[in-house]
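Down below is the structure, laid out as structure tokens.
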Amino acid sequence: MSNTASSLIQSGTTLLVAALRHYSLLSGLLLICYNASKEPNIVRRQVETGMIEERSLPTEQIEIPKLRITFDIVLADDGERYISVPALCDAIGLEPGPQRRRIRRQQELYAGLRVLKLATSGGEQGVSCLQANKVSIWLEGIQHARLNSQQKGRLSILQEELVTLALSTFSEFSLMLAKASTEDTAVALAPAAEVDDLREEVIEEALHKASSIDLPQLPEQEVIFAQLMQRQPGSHIVITSTSQDAAFRASCLEGIEQWVTTANPPYFLSREKIVVYLENPTHTIDRESAEKRIRSFGETTVTTARIALGIWFLEQNNPTLAQSNGTVAIRPEDILQWRGIAKHSREAYPGSEARVTDGYERKYYQQVHRDFLYLQDCYMYSDQGLPVTFEGPYAHVTVIRGQRTLWSKPNEPLVYLFAPAGWITSPTGQAYTQLGIASKRVFELRPNRHKYAFRIALYLIERWAQLAETGNFAEPIRTDDLLRSSILSPDAVDFATLSRGIEQALLNILPTYQILGKVQKYVPPAHVSRSTKEEFLSTYWSLPPHDEILKQLRILQQTTLGRFLGRSSQRKLPSP
């Protein structure tokens, strides 16, 4: 058996490399077989612990209001939903150890037991999980005689609501993708006693499947979607901070009054003397449509651009998500996750106090799509820019369409292939010398509630990138300059509202969101001829980043990327 397996595996290696692109778990399947041919006990030890451990998997939460607890429902690679056994036990007040042993003793329950890699307070760990449709069987088997009244009450609530809620999670589209990526991997779920009988059958079946795949027709989008669905936002992201970025931000925030709408196409002139066109200057667009588009721009447009650029930086070398033309696949959900947008929730069933999520509201998808359309069309030109004259698009965007779920409309935007345009790789290295760190908390600010704080935070990302060259992040800035750089007009609202809003943003909101560090205000000596407004605009503020952002800036400076992009590895930034 050992020689046969080794020979088969060696002869099929080349074909298997291609097959893995469609069958993402086939590598794990063959590893089991290979280990079985060398050391059968390896497989037995893995299976006896429950099932084979997996990578991090998609998760949705459900809430049991009567118990004031939430459960993570995990979508495993077999297309089934799973719930953590320790979490189930904790909800009732049981010890997990005896319950795990009981599950292993019952064949029907044991068939639904897996060890899955979950995020815990101690990091990602393998956790025993039970298939959701087996949970009701497990609950019914708990001996009521050994429970106190409180435990019985909690058990009764779980029996009424938990399984129904769990089975309502995840869209049909998610289930289809999970199942499509794991066809014919029965050996991964086989009890230990059956492994010996399956070894030869699995190896032969795997090699047969590899040899029968039509390589030119491999559905790569399934592999891409499987990875995209597992993408989760971090706490910070690396982005560029250039004159092009500042011009794009201003074109979105200044308002239609600052656009030259009589030109065709309309354009905006930034403080950096960069002309930002609504579309390529060779195109034409009717004035009414142009003005409607310009009015749709705002803080979310800048946010989408910043997040998209950060994801591109993060994954431009990812062999699966990065395309041959340099673009990176980005889902609308990626943008919404970074913004901290909550998914829409509904009653699990009529009259239920429990609620389940069923994805983001349609208005958010439409918003992200509008933002990417401007990124797709935005065109820039400057004959005064330093260090080089440039002309071209701000970004390259390709829209990939399809049907998001079985119930959604066909031909919806599913993925955007995004990359910054040629200015980012200019021979002068302008973009390379200006990198910044954006905290996820910036994108979680809400424009309708935190307008001043949001706009100031977007500007501070660029300001700190510039100050990183000297390391003097506490360098004061005049209030008037801060407002104009943040695209906040001192004359847009009455002075009392303005001054109150700015001070609340700088002294309360931004420090609370861990964006600003220790803020200091410097009030110049009173001047008889100055009005109260003039006195306020002439004050200075020291606005250093929060310690965690400063730490990330120091890390960026010290990395190979930071040195390659022109930052001196010898220059020291202040310690947090």
Length gained if Lys117 through Asp480 is fully extended, taking 0.36 nm per residue and subtracting the Cα-Cα distance, is 125.5 nm
Express the relative contact order of the stretch 73-148 as a whole percentage, based on alpha carbon pairs under 8 Å and six or more residues apart in sequence. 29
At 0.36 nm per residue, minus the direct Cα-Cα distance, what do Arg101 and Glu257 gain on full extension? Give it in nm, one decimal, please. 49.1 nm
Leaving out ligands, DNA and RNA but keeping every protein chain, what accessible area does Lys521 have, in Å² rounded to the nearest 10, with a 1.4 Å probe? 90
With a 1.4 Å probe and every protein chain left in place, work out the accessible area per residue of the stretch 71-175 in Å², rounded to a whole number. 44
Keeping all protein chains in position, work out how much accessible area Lys152 exposes to a 1.4 Å probe, and write it in Å² to the nearest 10. 90
For the pair Ser156 and Glu391, what calculated FRET efficiency results from E = 1/(1 + (r/R0)^6), where r is the Cβ-Cβ distance and R0 = 60 Å, to the nearest 0.05? 0.30
Calculate one ³J(HN,Hα) per residue across the stretch 498-510 by plugging θ = phi - 60° into the Karplus curve 6.51 cos²θ - 1.76 cosθ + 1.60, and present them in order as whole Hz with x for glycine and proline. 4, 5, 5, x, 5, 5, 5, 5, 7, 9, 10, 5, 5
Which links in Lys451/Lys521; Lys152/Lys343; Lys117/Lys152; Lys273/Lys440; Lys66/Lys134; Lys363/Lys451 stretch past 27 Å when you go from one Cα to the other? Lys152/Lys343; Lys117/Lys152; Lys273/Lys440
3J(HN,Hα) from dihedral phi, the stretch 74-85, Karplus parametrisation 6.51/-1.76/1.60, rounded to Hz, x for glycine, proline: 9, 9, 7, 6, 9, x, 9, 8, 10, 10, 4, 5
With R₀ set to 41 angstrom, the calculated FRET efficiency between the beta-carbons of Thr497 and Glu140, to the nearest 0.05, is 0.10
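So if R0 is 45 Å, what FRET efficiency would Arg362 and Lys521 give, r being the distance between their Cβ atoms, rounded to the nearest 0.05?
Here the calculated transfer efficiency is 0.55.
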Whole-percent carbon and sulfur share, accessible surface of the stretch 293-401, 1.4 Å: 47
Relative contact order for the stretch 256-333: what is it in percent, counting Cα pairs under 8 Å that are at least 6 residues apart? 18
Taking θ = phi - 60°, what integer Hz values does the Karplus form 6.51 cos²θ - 1.76 cosθ + 1.60 yield along the stretch 308-314, in sequence order, with x for Gly and Pro? 4, 5, x, 5, 4, 4, 6
Non-local residues with an amide H under 5 Å from the amide H of Gly340, with H modelled 1.01 Å from N and Pro and chain starts lacking one, are none
With Rg from the Cα atoms and Rh as the Kirkwood inverse mean 1/r over Cα pairs, the stretch 230-343 has an Rg/Rh of 1.02
Residue separation between Thr320 and Arg449 times 0.36 nm, minus their alpha-carbon distance, gives in nm 42.6 nm
So how strong a dipole does the stretch 103-164 carry about its Cα centre when Lys and Arg Cβ are +1 and Asp and Glu Cβ are -1, to the nearest 20 debye? 240
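The values are calculated or read from the model by the stated rules, or taken from the named source; none is laboratory data. Here the structure is a predicted model, which is why all the values come from computation and not from measurement. For neighbour counting, all protein chains shown are included, and Cβ atoms are generated from backbone atoms with ideal geometry for every residue, glycine included. The area values use the complete protein model at the heavy-atom level, side chains included, leaving out ligands, DNA and RNA. Shrake-Rupley method; radii C 1.70, N 1.55, O 1.52, S 1.80 Å.
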